[in-house]
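The values are calculated or read from the model by the stated rules, or taken from the named source; none is laboratory data. Values in this document were obtained by computation on a predicted structure and should not be read as measured data. Neighbour counts are summed over all protein chains in view; Cβ atoms, including those assigned to glycine, are modelled from backbone coordinates with ideal geometry.
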Amino acid sequence: MATRALIGYLDSDNLKLTSTYNHYDGYPENLGVGLEKFYSNDSKAEEIANVGYISSLNNETGEWEAANKARPKVINLPNNFNDAMMEIAEQIDSFGTSYGYIWDNDNEEWITVKNSGIRRMAEDLEMNLAHLKEKFSMLPDQPDQTINENYADATNNELASYIGTLKNQIEGEKNPKKLEMLKQDLKDVKLELEKRKSIKENSHYVTNEEADEDARMNEGYQKRLWQYRAGIIK
């Protein structure tokens, strides 16, 4: 029976996790040993985390085999330390794995996490990577991508930047409810840009009825954009 595992490279400087799926023999006595023996420096750890798909790794030679080809999974992590650990745990679980091996590029060491449920894995990560907590909190909120509280005050360039952020989030999101919400946000932002283009091309006075309808339709959207600016969502 396959013992699946995730091999992840945690870039705490840029808040990114790059992950490769390992199908067979992912238990610590094999994969864990092989990673420690042959991939225990930053460049080698990043190299194996970027493979994408590994059938199995030989802990005697460090060589790996792959029956399939796949691109590595890259996700952007939130600035909040606890939220970031939860997302890493969710990523491990989403691969259907029994173990996660996360390379800490700050201490340059492998962190082994057994899949005992997302909440428990997040707690283990919080404990083992506690030295990164201050580092996360000191990172900026990416002001170049912020949006004004009211979407109507945002420039077209700001909305276009937000569209790019939403697309990245959609690509890495596994939670169905979050995915649906992100897709709706993306649709709303695109509609807003299209509406602006239409208004520019066919300028006319907006009636009170139109303004009231816009306010009703975009109440939830305005709230999401405020959260984005505040750093509640990334």
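Out of curiosity, is Asn68 part of a loop (DSSP other than H, G, I, E, B), free of Cβ contacts under 8 Å to residues at least 12 places away in the same chain and within 24 Å of the chain's Cα centre (by Cα)?
Spelling it out, it is not the case that Asn68 is part of a loop (DSSP other than H, G, I, E, B), free of Cβ contacts under 8 Å to residues at least 12 places away in the same chain and within 24 Å of the chain's Cα centre (by Cα).
Looking at (1) over 24 Å from Glu173 (Cα atoms); (2) modelled with pLDDT under 95; (3) not hydroxyl-bearing (Ser, Thr, Tyr), can you tell me which one Ala84 breaks?
Going through (1) over 24 Å from Glu173 (Cα atoms); (2) modelled with pLDDT under 95; (3) not hydroxyl-bearing (Ser, Thr, Tyr) one by one, Ala84 breaks only (1).
From the residues in segment 137-163 that are under 20 Å from Phe81 (Cα atoms) and surrounded by fewer than 11 Cβ atoms within 10 Å (Cβ to Cβ), which one is modelled with the lowest pLDDT?
Per the stated criteria, the residue is Pro143.
Looking at Ala67, is it under 22 Å from Ser94 (Cβ atoms) and surrounded by 15 or more Cβ atoms within 10 Å (Cβ to Cβ)? Talk me through it step by step, then tell me what you get.
Numbers: under 22 Å from Ser94 (Cβ atoms): yes; surrounded by 15 or more Cβ atoms within 10 Å (Cβ to Cβ): no.
No: the conditions fail for Ala67.
Has segment 126-136 got any residue that is touching a Phe, Trp or Tyr at 6+ places or on another chain (Cβ under 6 Å), among the charged types (D, E, K, R) and at pLDDT 80 or above?
Looking only at segment 126-136, we keep the residues that are touching a Phe, Trp or Tyr at 6+ places or on another chain (Cβ under 6 Å), and these are 133, 136.
If we keep only those that are among the charged types (D, E, K, R) too, we end up with 133.
Cutting the leftovers down to at pLDDT 80 or above gives us 133.
Checking segment 126-136: at least one residue is touching a Phe, Trp or Tyr at 6+ places or on another chain (Cβ under 6 Å), among the charged types (D, E, K, R) and at pLDDT 80 or above.
What pairs come up if the first residue lies in segment 175-189 and is buried (at least 16 other Cβ atoms within 10 Å of the Cβ), the second is small (Gly, Ala, Ser), and their beta carbons are under 9 Å apart, counting only those six or more places apart or on different chains?
Asp188/Gly220; Val189/Ala160
Considering only residues of segment 71-103 that are in a loop (DSSP other than H, G, I, E, B) and under 12 Å from the mean Cα position of the chain (by Cα), which is nearest to Glu134 (Cα to Cα)?
Let us first name the residues in segment 71-103 that are in a loop (DSSP other than H, G, I, E, B), namely 71-72, 77-80, 95-98.
Filter again for under 12 Å from the mean Cα position of the chain (by Cα), leaving 77-79.
Working: Leu77: 15, Pro78: 14, Asn79: 11 Å.
Filtering first and then ranking leaves Asn79.
Of the residues in segment 79-128, how many are β-branched (Val, Ile, Thr) and buried (at least 22 other Cβ atoms within 10 Å of the Cβ)?
So in segment 79-128, the residues β-branched (Val, Ile, Thr) come out as 88, 92, 97, 102, 111-113, 118.
Right, trim to buried (at least 22 other Cβ atoms within 10 Å of the Cβ) and you get 88, 92, 97, 102, 113.
Matching residues across segment 79-128 total 5.
Condition check ((1) within 18 Å of Ser98 (Cα to Cα); (2) surrounded by 19 or more Cβ atoms within 10 Å (Cβ to Cβ); (3) touching a residue at least 24 places away in the same chain (Cβ under 8 Å)) across all residues:
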{"residue": "Gly8", "(1), (2), (3)": "yes, yes, yes"}
{"residue": "Tyr21", "(1), (2), (3)": "yes, yes, yes"}
{"residue": "Val33", "(1), (2), (3)": "yes, no, yes"}
{"residue": "Lys37", "(1), (2), (3)": "no, no, yes"}
